[in-house]
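Novice: Before we start, here is the structure in question, set down as structure tokens.
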Amino acid sequence: MVVFNLAAIPVALLIALVCWGINFVIPFSDGPYEWFIIGLVTTVVSGICEVVGLEGRLFWIPMWLLGIIVSAYQSYALWGGLGAAIGVGALIGSVVVLILVIRADEQKQWKEAPRKFAEARDYMRGGQDEKMWEALEVAFFVPAFLTMTPAMYSHTIEVLQLIAEYTDVNGYPDFVLDVIEALEDMMMAARDVGERPEGFDENKEFVERLIKNRGALPPPEDD
């Protein structure tokens with residue numbers, strides 16, 4: 001049974017590299033702070049990776065969250081009740097900081113999204129498929145933490161229409177166009193009533209994988 005995703009591999013390698021570098025300068029392995037430091041490094045490195053799109057998962061849990069849990073537990077083992085309080089505070093603070101960082105990244109993406117959509121449209125007309133998909137990664141905008149405004153919905157609906165046109169012209173299977181058009185209808189409904197219909201997230205994730213895979217059909221997800 002697979003208990004981690006592919007993104008977890010490069011994230012784990014980065015964590016190991018940073019830990020090795022710290023240990024080279026300030027040896028901590030086999031010391032009382034070993035797992036506390038590993039937990040902190042895991043939180044910071046995997047948190048940064050999460051923001052840039054490298055979402056490492058272990059047992060389907062975000063690696064940055066596992067890092068917080070490890071460091072919080074070790075702080076309790078090292079410093080007792082005070083350590084537990086520090087660990088809980090660090091947990092809450094880290095989550096808040098991560099959310100703020102993600103929100104800032106989403107705001108930046110939203111500012112760039114209209115320009116990237118225009119680029120994607122030009123690339124499609126010019127037959128530059130690779131550049132088109134690259135631009136669509138920014139143009140397709142469904143934020144996780146920002147409240148999605150009617151303007152954001154309208155923009156992303158236009159992006160979906162462009163993707164639908166591309167898949168239709170290039171002979172994709174009918175179900176691909178069905179998913180894109182279904183998501184387009186769902187976005188129109190969400191824009192008008194302020195509530196996302198059932199199935200919205202599944203269709204959104206399919207389109208995101210299609211874009212990320214540069215137009216290659218996403219493999220079926222494991223149950």
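The values are calculated or read from the model by the stated rules, or taken from the named source; none is laboratory data. Computed from a predicted structure; not experimentally measured. FYI the Cβ positions are ideal-geometry reconstructions off the backbone, even for glycines, and counts take in every protein chain you see.
Novice: Can you tell me which of (1) surrounded by fewer than 18 Cβ atoms within 10 Å (Cβ to Cβ); (2) at pLDDT 95 or above; (3) in contact with a Phe, Trp or Tyr (Cβ under 9 Å, 6 or more places away or on another chain) is the one Leu217 doesn't meet?
Specialist: For Leu217, the failing item is (2).
Novice: Do the conditions hold for Lys108, that is, is it charged (D, E, K, R), part of a helix (DSSP H, G or I), free of Cβ contacts under 8 Å to residues at least 24 places away in the same chain and buried (at least 18 other Cβ atoms within 10 Å of the Cβ)?
Specialist: no
Novice: Okay, moving on. Name the single residue that is farthest from Arg191 (Cα to Cα) among those in the range 124-152 being crowded, with 19+ Cβ neighbours inside 10 Å and among the aromatic types (Phe, Trp, Tyr).
Specialist: Only one residue tops the list, namely Trp133.
Novice: Restrict the check to the range 102-117 and report whether at least one residue is over 17 Å from Met152 (Cβ atoms) and not polar (S, T, N, Q).
Specialist: no
Novice: Would it be correct to say that Val88 is under 20 Å from the mean Cα position of the chain (by Cα), on the phi < 0 side of the Ramachandran plot and assigned to a helix (DSSP H, G or I)?
Specialist: No.
Novice: Filter the range 18-43 for residues that are in contact with a Leu (Cβ under 8 Å, 6 or more places away or on another chain) and part of a loop (DSSP other than H, G, I, E, B); which is farthest from Ser75 (Cα to Cα)?
Specialist: The extreme case among them is Pro32.
Novice: Of all residues in the range 1-17, count the ones that are surrounded by 15 or more Cβ atoms within 10 Å (Cβ to Cβ) and either in contact with a His (Cβ under 8 Å, 6 or more places away or on another chain) or assigned to a helix (DSSP H, G or I) (or both).
Specialist: 5
Novice: Determine, yes or no, whether Val97 is out of contact with any Pro (no Cβ under 6 Å at 6 or more places or on another chain) and part of a helix (DSSP H, G or I).
Specialist: Yes: the conditions hold for Val97.
Novice: Would you check which residues across the range 163-177 are part of a helix (DSSP H, G or I) and crowded, with 17+ Cβ neighbours inside 10 Å and list them?
Specialist: Within the range 163-177, Ile163, Ala164, Tyr166, Thr167, Val176 qualify.
Novice: What pairs come out if I take residues in the range 37-56 that are more than 11 Å from Ile15 (Cα to Cα) and pair them with residues that are acidic (Asp, Glu) whose C-beta lies under 9 Å away, six or more apart or interchain?
Specialist: Cβ pairs passing all conditions: Val51/Asp105; Val52/Asp105; Gly53/Glu137; Gly56/Glu50.
Novice: Considering each of Ile211, Ile157, Ile180 in turn, give the residue that is out of contact with any Asp or Glu (no Cβ under 7 Å at 6 or more places or on another chain) and either touching a residue at least 12 places away in the same chain (Cβ under 8 Å) or crowded, with 18+ Cβ neighbours inside 10 Å (or both).
Specialist: Testing whether each residue is out of contact with any Asp or Glu (no Cβ under 7 Å at 6 or more places or on another chain) and either touching a residue at least 12 places away in the same chain (Cβ under 8 Å) or crowded, with 18+ Cβ neighbours inside 10 Å (or both) leaves just Ile180.
Novice: Would you check if there is a residue in the range 137-149 being touching a Pro at 6+ places or on another chain (Cβ under 7 Å) and within 20 Å of Arg103 (Cα to Cα)?
Specialist: The answer is no, given that none of the residues of the range 137-149 is touching a Pro at 6+ places or on another chain (Cβ under 7 Å) and within 20 Å of Arg103 (Cα to Cα).
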